């Protein structure tokens, strides 16, 4: 009998999206191993870390946040397209991720994106 593959889709939700880390940990504790993963927004950051076996490092970083640390990561932008640019978060995140191309991750991973100019995914 062929083993079914399990896929996991992680959504957006700003800081609430860090809860995806706990969901993945709970799945692993129950013996459910995710074969392929996709995410958007914060879910793509968590998903990429999991796909590249960097979830423990991400969890340690996220759990170390104080309220002040969270405020320091916010880079407000009054430009069209969003209130937060996210560059400070991405800068710190890049230090955790040794892989610059998702094709090199151990699990298949996809990030859902949209071109704001054209509306195409």
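Only the coordinates and a few stated rules stand behind these numbers; no lab work does. Everything quoted here is computed from the prediction, not taken from an experiment. Because the Cβ atoms are built from the backbone with ideal geometry, glycine has one as well, and the counts that use them run over all protein chains shown.
Laid out as a table, the results:
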{"item": "Residue 103-residue 25 pseudo-label distance in nm [points 7 Å out on the Cα-to-Cβ vector]", "result": "3.4"}
{"item": "Ranked list, fewest to most other Cβ atoms within 10 Å of each Cβ, for 97, 1", "result": "1, 97"}
{"item": "Net lengthening on full extension, residue 113/residue 1 (0.36 nm per residue, minus Cα-Cα)", "result": "36.7 nm"}
{"item": "Global geometry of segment 24-67, whether rounded, prolate or oblate, following the gyration tensor of its Cα atoms and the 1.5 cut on a/c", "result": "oblate"}
{"item": "Nitroxide proxy distance, nm - points 7 Å out along Cα→Cβ at residue 14 and residue 57", "result": "2.8"}
